[in-house]
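Read the structure below first, then the notes.
What follows is calculated from the coordinates using simple rules that are stated; it is not laboratory data. What you see is a predicted model; the values in this text were computed from it and never measured. Please note: Cβ atoms are built from the backbone with ideal geometry, for glycine as well, and neighbour counts cover all protein chains shown.
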Amino acid sequence: MDTSAMLQLNEQQQAAAQAHRSAAVISSAGTGKTAMLTQRYLNHVLGGLSPLQVVAVTFTEAAAHELRGRVRAALRHSPLTTPAALAELELSPIGTIHSLCARICREHPEEAEVPASFQILDQAAAAIFAAEQREGLLASLPHDLFLGEAGIPLGQAERILPHLLEAPHLTAEALAVMAQPWNELREAWEEAAATLRTAARARLCNDEWHHSAALLRGLTCSDASDALYPQWQTIVAQLEAIERAADPGEAVAALAEARLSGGGKAANWSAPPAEVRAACKFLRDAAEKARKDGLIDLRIGPDDEQLYAKVATLRSIFERASATMAGIKRRAGVLDFADLELGALRALEHEGVREWYRQRWQVLLLDEAQDINRTQAVILERLATLAPDNLVCAVGDEKQAIYGFRGADVEEFRRFRDEVVVGRLGGQVIDLDQTYRQ
């Protein structure tokens with residue numbers, strides 16, 4: 001049922017809010033994605049589904065609270081709303097990915113391989129808990145792991161241990177990949193690095209980039225002695241290298257430091273200085289972001305080979321420490337966010353669990369999809385494809401992907417959009433580009 005008249009939506013938002021097919025919605029900041037998600041939720045419920053059948057995943061608890069509040073207010077004003085729908089809304093699965101994982105773990109603890117009763121450690125509490133156990137974990141490891149050419153010095157082991165245990169599932173996968181012979185691994189890494197460099201350059205040199213670059217390339221200067229002239233020539237040369245050179249890393253680093261400074265005369269130039277400086281700043285900021293990302297200059301070097309020589313030791317440290325930490329958490333009855341994700345993933349490997357949710361959940365709404373990590377993406381994919389007629393709406397914006405330091409990977413959003421929503425569910429991609437922010 002189309003209830004788009006209930007909320008004031010523009011044409012793009014109305015198209016994304018339709019509940020009869022899956023959609024991947026590209027939503028820039030200020031384009032009204034929350035209003036669209038609210039309307040889509042309403043369309044599902046007023047179209048006959050129970051709120052208990054609609055899963056909505058948000059990035060924060062505050063966002064979940066806002067979405068539930070908006071839906072509640074709209075339902076109360078609709079003559080089609082039943083008392084049962086309002087009651088079920090309060091119990092409906094609207095929350096963060098970790099609250100969803102916790103729900104799965106609590107409903108299926110045996111399959112998730114977690115305690116039947118547990119407390120959840122948020123990121124701060126988990127960091128404190130891990131720090132308190134670190135000395136004991138290191139002391140429990142055999143001393144020979146820290147000695148010899150294949151050993152990892154104790155100080156270094158102490159520094160890397162938190163990173164190994166931060167996402168144990170992904171660490172185990174990475175170490176398994178590194179078990180193959182070095183020549184084969186290096187070849188695979190080189191190929192992967194080349195793919196990542198190409199993708200990074202494509203993201204850097206987007207339409208906005210080409211627009212600003214064209215402005216700088218199209219400039220003319222009537223006086224070659226102008227103070228800005230050599231700086232401008234250098235920047236244009238860097239642009240050419242970034243767009244065409246086989247190895248653009250050095251040019252990216254140089255452009256990230258580029259400045260148009262000095263006393264150039266406006267009368268000498270074919271475009272207003274303010275416009276030129278704005279274009280230069282955009283290109284410089286984009287290059288700085290690409291440099292920090294590191295992918296555009298990714299290379300396999302001696303450090304990687306030295307790391308490979310210590311893989312067996314690294315694996316032993318990880319396996320022993322993670323097993324010890326798991327036992328400590330089990331006895332304490334606590335799980336951190338990574339444990340919840342892994343538990344939900346394990347549970348969803350069981351056909352009985354998948355059938356349980358296949359009967360209960362019909363719709364998945366996903367907000368801030370650009371901030372999911374690999375494990376979360378697999379969980380969401382399994383939920384999204386429980387049944388052939390499941391409906392999914394994934395909302396994200398690659399430009400707002402800022403949580404890479406937490407393990408988020410915008411490539412997972414792209415894959416989920418292209419392979420799951422569009423490829424497997426036959427959904428469409430809809431752009432929300434009409435902003436309401438000043």
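Before moving on, here are some points about what is shown:
- Each Lys or Arg adds one and each Asp or Glu subtracts one; over the other residues with Cβ under 9 Å from the Cβ of Ile26, this totals -3.
- Extending 7 Å from Cα along the Cβ direction at Ala87 and again at Lys265 yields two label points whose distance is 8.3 nm.
- Of Ala286, Ser270, His211, farthest towards positive along the dipole that unit charges on Lys, Arg, Asp, Glu beta carbons give segment 194-297: Ala286
- For segment 166-229, Kirkwood radius (reciprocal of mean inverse C-alpha pair distance, Å): 16.2 Å
- Trypsin sites (Lys or Arg not before Pro) within segment 20-110: DSSP coil, no more than 15 neighbouring Cβ in 10 Å: Arg21
- One Cα centroid belongs to segment 283-327, the other to segment 192-237; the line between them spans 31 Å.
- Maximal additional length on extending the Lys292-Ala174 stretch stands at 40.2 nm, based on 0.36 nm per residue less the C-alpha distance.
- Loop-located GluC sites (Glu not before Pro) in segment 236-282 whose Cβ has at most 16 other Cβ within 10 Å (DSSP): Glu257
- For the chain, share of DSSP beta bridges that run antiparallel, in % to the nearest 5: 5 percent
- Length-normalised contact order for segment 194-297 - Cα pairs under 8 Å, 6+ apart - percent: 40 percent
- Gain in span if fully extended, Ser78 to Glu11, counting 0.36 nm per residue against the direct Cα distance: 21.9 nm
- Across Lys265/Lys289; Lys33/Lys281; Lys281/Lys399; Lys289/Lys399, pairs whose alpha-carbon gap is larger than 21 Å: Lys265/Lys289; Lys33/Lys281
- Point-charge dipole on Cβ atoms (K/R +1, D/E -1) for the chain, about Cα centre, debye to 20: 1000 debye
- Each part gets one Cα centre, and for segment 27-77 versus segment 353-387 those centres are 17 Å apart.
- Modelled label positions at Ala309 and Thr195, each set 7 Å beyond Cα in the direction of Cβ, lie 2.9 nm from each other.
- Farthest positive-ward along the chain dipole, Cα basis, beta-carbon charges - from Leu100, Ala227, Leu46: Leu46
- Filtered trypsin sites (Lys or Arg not before Pro), segment 226-304: DSSP coil and at most 14 other beta carbons within 10 Å: Arg259, Lys265, Arg299
- Take the Cα of Cys221, go 7 Å toward its beta carbon, and the backbone nitrogen atoms of segment 235-251 under 20 Å from that spot belong to 235-242.
- Normalised contact order of the chain, rounded percent, pairs of Cα under 8 Å and 6 or more residues apart: 29 percent
- Fully extending the segment from Ala246 to His210 would add 11.1 nm, taking 0.36 nm per residue of separation and subtracting the current Cα-Cα distance.
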